[in-house]
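Engineer: Below is one structure. I have some questions about it.
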Amino acid sequence: MKKFYSKPPLSDKILLYVEHCLPNNKFKFSHEIMSQTLNDFYKTPHSLKTIRKEFSILKKEGFITHRNRYRKKIPILTRKGKIQIASCLPYKKYDHWDGKWRLCIFSIPEKERPYRLQLQKELKQAGN
């Protein structure tokens, strides 16, 4: 399991921005705003050219797609992109067992077997 609590790679930073920051910015997207936000948050400067190139690569690999919103194209994450950043997000650690059982039921088809195995692995590690 990847742990990216301090410094995730640029691709994961961009995916996290698209998923969580873009809705808070009322879907006003530009590479300049994304660059400034990432530089301010992570305190590591990335050039605008690098961010554009990485964004393009993510789009080609199928992590990001575009949808029309108010006649403007905005980037959104695909299922593949959401799975990619799932390991970057911290989850809550519980101190003591509260006596309640939790059950997780999922149905992931065979054609998406790697995602199913990854989810099973993450759930087992979260239980420890």
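Engineer: Would you call THR37 β-branched (Val, Ile, Thr), more than 30 Å from LEU123 (Cα to Cα), surrounded by 11 or more Cβ atoms within 10 Å (Cβ to Cβ) and out of contact with any His (no Cβ under 9 Å at 6 or more places or on another chain)?
Structural biologist: yes
Engineer: Residues in segment 23-31: is at least one small (Gly, Ala, Ser) and either modelled with pLDDT of 85 or more or crowded, with 16+ Cβ neighbours inside 10 Å (or both)?
Structural biologist: No, segment 23-31 has no match at all.
Engineer: Answer yes if at least one residue in segment 85-100 is at pLDDT 80 or above and within 24 Å of HIS31 (Cβ to Cβ), and no otherwise.
Structural biologist: Yes, segment 85-100 contains a residue that is at pLDDT 80 or above and within 24 Å of HIS31 (Cβ to Cβ).
Results for (1) touching a residue at least 40 places away in the same chain (Cβ under 8 Å); (2) among the aliphatic types (A, V, I, L, M); (3) not in a helix (DSSP H, G or I), shown as yes or no for each residue.
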| position | (1), (2), (3) |
| --- | --- |
| LYS53 | no, no, no |
| LYS59 | no, no, no |
| HIS66 | no, no, yes |
| LYS73 | no, no, yes |
| CYS88 | yes, no, yes |
| ILE105 | no, yes, yes |
| PRO114 | no, no, no |
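Engineer: Kindly evaluate GLN120 against the criterion of being surrounded by 12 or more Cβ atoms within 10 Å (Cβ to Cβ) and either at pLDDT below 85 or farther than 22 Å from GLU19 by Cα (or both).
Structural biologist: When the stated conditions are applied, GLN120 passes them.
Engineer: Can you tell me how many residues in segment 20-49 are in contact (Cβ under 8 Å) with a residue 24 or more places away in the chain, within 12 Å of PRO75 (Cα to Cα) and either aliphatic (A, V, I, L, M) or touching a helix residue (DSSP H, G or I) at 6+ places or on another chain (Cβ under 7 Å) (or both)?
Structural biologist: Selection size over segment 20-49: 3.
Engineer: Right, something else. Of the numbered conditions (1) within 30 Å of GLN125 (Cα to Cα); (2) loosely packed, with under 15 Cβ neighbours inside 10 Å; (3) not β-branched (Val, Ile, Thr), LYS73 satisfies every one except a single condition; which is it?
Structural biologist: All conditions pass for LYS73, except number (1).
Engineer: Still on this model: Please specify each residue of segment 38-51 satisfying the condition of being among the aliphatic types (A, V, I, L, M) and assigned to a loop (DSSP other than H, G, I, E, B).
Structural biologist: Scanning segment 38-51 gives no hits.
Engineer: Looking only at segment 50-62, which residues are of a type outside the set (Asp, Glu) and in contact with a helix residue (DSSP H, G or I) (Cβ under 8 Å, 6 or more places away or on another chain)?
Structural biologist: Once the filter is applied, which keeps residues that are of a type outside the set (Asp, Glu) and in contact with a helix residue (DSSP H, G or I) (Cβ under 8 Å, 6 or more places away or on another chain), segment 50-62 yields THR50, ILE51, ARG52, PHE55, ILE57, LEU58, GLY62.
Engineer: While we're looking at this one, here's another question. What about ILE14, is it aliphatic (A, V, I, L, M) and farther than 13 Å from ILE85 by Cβ?
Structural biologist: Judged against the criteria, ILE14 is not a match.
Engineer: Could you grab me the full set of residues in segment 103-112 that are surrounded by 10 or more Cβ atoms within 10 Å (Cβ to Cβ) and either within 19 Å of the chain's Cα centre (by Cα) or closer than 21 Å to CYS88 by Cα (or both)?
Structural biologist: Answer for segment 103-112, where residues must be surrounded by 10 or more Cβ atoms within 10 Å (Cβ to Cβ) and either within 19 Å of the chain's Cα centre (by Cα) or closer than 21 Å to CYS88 by Cα (or both): just GLU112.
The values are calculated or read from the model by the stated rules, or taken from the named source; none is laboratory data. Since we're looking at a predicted model, the values are computed, not measured. Glycine gets a Cβ as well: all are built from the backbone with ideal geometry, and neighbour counts include every protein chain shown.
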